[in-house]
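Pasting a structure below so you can have a look.
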């Protein structure tokens, strides 16, 4: 006898089997009844020919509220009426958990439900195979990212999420009472991964939460997300960082296409793997593109959501989904980005995917004096960053890196429309539970 | 010509090479001088025969402050005086960053330095190969953990670190101002991984930060650590969870022994891989052991640091480093642990490693009414946990899981003596920077 948590592993040769899962549906048609049992891997049909089943068992099984959790033991029989080619004729049931009624949210009912309702009852929403598939793909994505960076000599690190200062000054930080001191939640591991470049651990990556206290209620913003950060020493220029990102994204897209077949099919989605190298636009080219489209931006302005969309549309016309935007004005970039001396530009880039920025990066300023000068130019007080600056006074190699919001990457890959679709339990200004 | 970030990759066949790193040491002996250059992978000798080197270059190289960051280009020559079997006769140098003097901390000097001084200048401390080796082993440990759980069907998840309630009530929580609401930093993903068990995603794991606002200043406590959590559905009992942990720990120890050879050698450490299954002691046996040793504990008491040490010593006498302690009194365990009906015990366990708890786990209470009763018994208000309890009302399978502090595991594995040794930038009541 087999006892499984994976109904798709059952075979007629098993004779008798025990299957465990959620009662998705019960249909009683007089002389015969059917129970659809769902587990993580799919559904299996339990068939109850009234005459052959113990009446008490028949009664119990057909009266079970939908979504109750049970183990059903029975004989496995071949059937050409079911997707698995088999059905189970039950001889015993164990009820682990009887579901209350009515359900707060249907699993199989084809009813449009508001995002808020879904997120309020996320445990039920996640029972839908097409919702679960998103998170199976997210887990695969993390695995693929890690595979690729580890193969390229990056060491995984964990930097503190409780900090004395923000990465870019005071904006958008959540404040914590840290015993008798104020502290802040990390908005990025930026300063720490740079400090690590001065240790000799010359390629590092981190996958961890990042926090932004932004009062934005959009499809693209949440207050907590997973940031995939990388930093590498001994670079000649920012293009080496861009090439590394390309290598990683390519590995992720190629890998998901292959390993995520089942999930992509459930979602009805296809992933396009673009040829490398990805096109590189400069900020100046992009600015012109956006101005030509009628957006009144001027030199030095951030391209913004609107601008990114316009560029995305133009690139889509050429069949391009992934592209870099490089050479941003230094004033539009944080203090740690290196200026391109003698120009108003910087050694920075964004990676955009279908009209949205999913990654930012660049070469960092590793020279102490220039770094301090940039901080002062941005109105920051170097004394607040002493814990960071010290690492630049005693031997810092040239370095660069990136940050990628993994949920944004997933959203664009699957055209999900709302970042909350890619987070199990999202956090935004209005949402703190579940 | 070769340009490398890994000095150990240079060979005499390269002819000319560029090596990049930190100037660890400069020795001038009249007619000849030596510069030791260090990178992530080791050191390489730069030899300067005074007569054969351009005087300006000789002057520049021998005057470089220790720990400056440079690229040195030169001819690779065979040498039987060096570990690599070669030396470089320099023809050019590029100085990326000249180190200030004096250094806040030596890298090669054999001077005893206080832990606090080391942590205050962690970037410099990490330049010591034996410190860096710890974090290389930590990264390998995470990789090995992930390998093993993924192979066993676990899906990686990320649960929110900003929460409306703690996992076990109000103690030890850091409070955040979350817009107009109070919120707390997660002390454990416990409630979320359990909610996920009701979704059908039946095996999940998470690696992420956990926060404890404990005012403890000990070798074992920090306020932020990395928790490795797992949860699995469809278990028969807590022993299935224990077997899974054993599988994981065994994979980690075996893997590190193999892949971490170089780092373990640098640290002068050896890892013992114990035979499976690990011995299982019951709480009652342990209590007796501890009482016999003179500790005045009574039935129901936590074994505590002292008790754990006594048991560790007894087990060490038998040559046992890893062992479970099972069947704790239910009153000593959190509300979500299942009681062993008709006894004062519970379906819980700890995994202890050389006299210290490194993991806790058990079978969870999946039955709604019993779970609420346990909450009330513990003085918690079920209304505060509605976001969690809802997931138990509509079909929750039996499940169990564990939490492992990965730094504690590393500390015991390498006999480090202080948990701060296993964290790049530790956080404790007195330490918020760097």
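What follows draws every value from the coordinates through simple rules; no lab data is involved. This one's a predicted model, so the numbers in the text were calculated from it and none came from an experiment. In this analysis, Cβ positions are derived from the backbone assuming ideal geometry, glycine residues included, and neighbour counts consider all displayed protein chains.
Cut-off is 10 Å between beta-carbons; in what order do B:148, B:286 appear when sorted fewest neighbours first?
In increasing order of surrounding Cβ atoms, one gets B:148, B:286.
Sticking with this structure for a sec: Using a 10 Å cut-off on Cβ to Cβ distances, tally the other chain neighbours for every residue of B:229-238 and report the average as a whole number.
Mean shielding by partner chains, rounded to a whole number: 2.
May I ask you to order B:321-332, B:400-411, A:105-116 by the average number of other C-beta atoms within 10 Å around their residues, highest value first?
Result, highest mean Cβ count within 10 Å first: B:400-411, B:321-332, A:105-116.
May I pose another question? List, shortest first and in nm to one decimal, how far the label point of residue B:28 (7 Å from Cα along Cα→Cβ) is from its counterparts in the other copies.
Distances to the matching label points in the other copies: 9.9 nm.
May I pose another question? What is the distance, in nm, between label points placed 7 Å from the Cα along the Cα-to-Cβ direction at residue B:179 and at residue A:318?
In this crude spin-label approximation the distance works out to 4.0 nm.
Compute the whole-percent fraction of alpha carbon pairs in the protein assembly as shown spaced more than 47 Å apart.
29 percent
Follow-up question, since we're still on this one. Please work out the FRET efficiency for the pair residue A:8 and residue A:219, using the Cβ-Cβ distance as r and a Förster radius of 30 Å; give the result to the nearest 0.05.
Taking R0 as 30 Å, the efficiency between residue A:8 and residue A:219 is 0.30.
So for the range A:123-422, considering every pair of alpha-carbon atoms, how many percent are separated by more than 26 Å?
The answer is 47 percent, as a whole percent.
Taking a point 7 Å out from Cα toward Cβ as the label site, list the nm distances between residue A:305 and the same residue in every other copy, smallest first.
Those separations, rounded to one decimal, come out as 5.1 nm.
Averaged across the residues of B:240-252, what count of C-beta atoms belonging to other chains lies within 10 Å of each residue's C-beta?
Per-residue shielding by partner chains comes out at 0.
Closest beta-carbon to the B-to-A rotation axis: which chain B residue owns it, and what is the separation in whole Å?
B:176, 3
Now for a separate question. For n ≥ 4 DSSP H runs only, could you compute -39500 (n - 2.57) per run for chain A, divide by its residues and tell me the 222 nm figure to the nearest 500?
Dividing the helical sum by the residues of chain A leaves -9000 deg cm²/dmol.
Another question about this same structure. Mind checking A:413-419 for the average number of partner chain beta-carbons within 10 Å of each residue's beta-carbon?
Across A:413-419, the average partner-chain Cβ count within 10 Å equals 0.
For residue B:298 paired with residue A:116, estimate the spin-label separation in nm (one decimal), with each label point 7 Å from Cα along the Cα-to-Cβ line.
Once both label points are built, they end up 5.4 nm from each other.
Okay, moving on. Distances from residue B:9 to the same position in the other copies: list them in nm, one decimal, shortest first, using label points 7 Å from Cα along Cα→Cβ.
Here residue B:9 shows inter-copy label distances of 4.2 nm.
With the Cα gyration tensor of the range A:106-244 giving a ≥ b ≥ c as the square roots of its eigenvalues, does the rule (a/c under 1.5 for rounded; else a/b larger than b/c for prolate; else oblate) give rounded, prolate or oblate?
Oblate.
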